[in-house]
Amino acid sequence: MSSVRNYPKAQLRGALAVVAASILWGTTGTAATFAPGVNPLAIGAVAMGFGGLLQSLYAARHIRIQSGSLLERWRLVSLGAVAVAVYPLAFYSSMHLAGVAVGTVVSIGSAPVAAALIERFEDRRPLSRQWITGALLGVGGAALLSLSGHEPAAAGPGADPWTPTAGILLGLLAGTTYALYSWAAHRLTGQGLTARAAMGAVFGLGGLLLMPVLTLTGAALLESWRSVGVGAYMAAVPMFAGYLLFGWGLARVGASTATSISLLETVVAAVLAVLVVGERLPALGWLGAAVVLASLFILTPRPKRPCPAPAGAPSTL
């Protein structure tokens, strides 16, 4: 009975871990602007590539112990790894083309819908009214952020009008792949693997897939200590530490809930883009940020108070 009562508390702790991860992730777009001469593909490859390899090293013992189970599920592991490799390339290219705030909003804002569709059709998981309400609010707030007339700091009268559109399309690809690897990792943990083994295997293999991209595009990362510092920060803090928190939380809440809570990243990214990068966000965008924050109160699981046992009922079940 105690394990049943503690389950909502475990969900709450998992949700808070995802919140902490989302705050760390929200710094990535602003951090990338401190290395303006570096190709966005290189930024994505060094961040998720080395971050993924650090994940696999941290989880090496768990991966070795559960290697048989991982090999039995190689299709699911491979699907997650490919999604891990595609996600940062699409995400950072989206921010480069559409601006930090819009790229982040479209990428992360589309992920809950993609995750819900994956869970609905693959896992036959019904959508709760609480999730639908919170997700609609969150995606609606993200849409306000995206469509509020926000302009990248470097936008000018001669800018190609198709560039933001390409950035938005890449953001949709990023959101879909984000949902895919979140779902794959959550499903692996649901099949008996530890969160550390699942995340380490998926992200380690994904990191290996990104190494050729880093080799081809990453020369500019070594041209200055600032670029080296940006790459080291991205790999160690948002990607390694952030995904440790995310993996721990993902094992306790569903992929659709985790991706919905991570909409907080869009608010952090937008605020930092305005305060640090100098991007412009009108009042409608700030309203969108407030709506996203409001959605978190609906999406975050709350511990339930145990119902008092009726008089004369046995104290244990």
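Structure above, values below:
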{"item": "Calculated FRET efficiency for the pair A290/A219, C-beta based, R₀ 41 Å, to 0.05", "result": "0.45"}
{"item": "For L117, solvent-accessible area (1.4 Å; no DNA, RNA or ligand), Å²", "result": "90 Å²"}
{"item": "Shape of segment 28-99, Cα gyration tensor, a/c cut at 1.5", "result": "prolate"}
{"item": "A283-L12 FRET efficiency (beta carbon distance; Förster radius 41 Å; 0.05 resolution)", "result": "0.80"}
{"item": "J(HN,Hα) series, segment 242-258, from Karplus relation 6.51 cos²θ - 1.76 cosθ + 1.60, nearest Hz, glycine and proline x", "result": "x, 7, 5, 4, 5, x, 5, x, 5, 5, 10, 10, x, 4, 5, 5, 4"}
{"item": "Rounded percent of accessible protein surface that carbon and sulfur make up, segment 1-115, 1.4 Å probe", "result": "67 percent"}
{"item": "Spacing of the two label points (7 Å from each Cα toward its C-beta) at T163 and I132, in nm", "result": "4.1 nm"}
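The values are calculated or read from the model by the stated rules, or taken from the named source; none is laboratory data. Worth saying up front: this structure is predicted, and the values here are computed from it rather than measured. Don't worry about glycine lacking a Cβ; one is built from the backbone with ideal geometry, like all the others, and counts go over all protein chains shown. Each accessible area value is taken on the protein alone, full model and side chains, heavy atoms only, with ligands, DNA and RNA left out. Shrake-Rupley method; radii C 1.70, N 1.55, O 1.52, S 1.80 Å.
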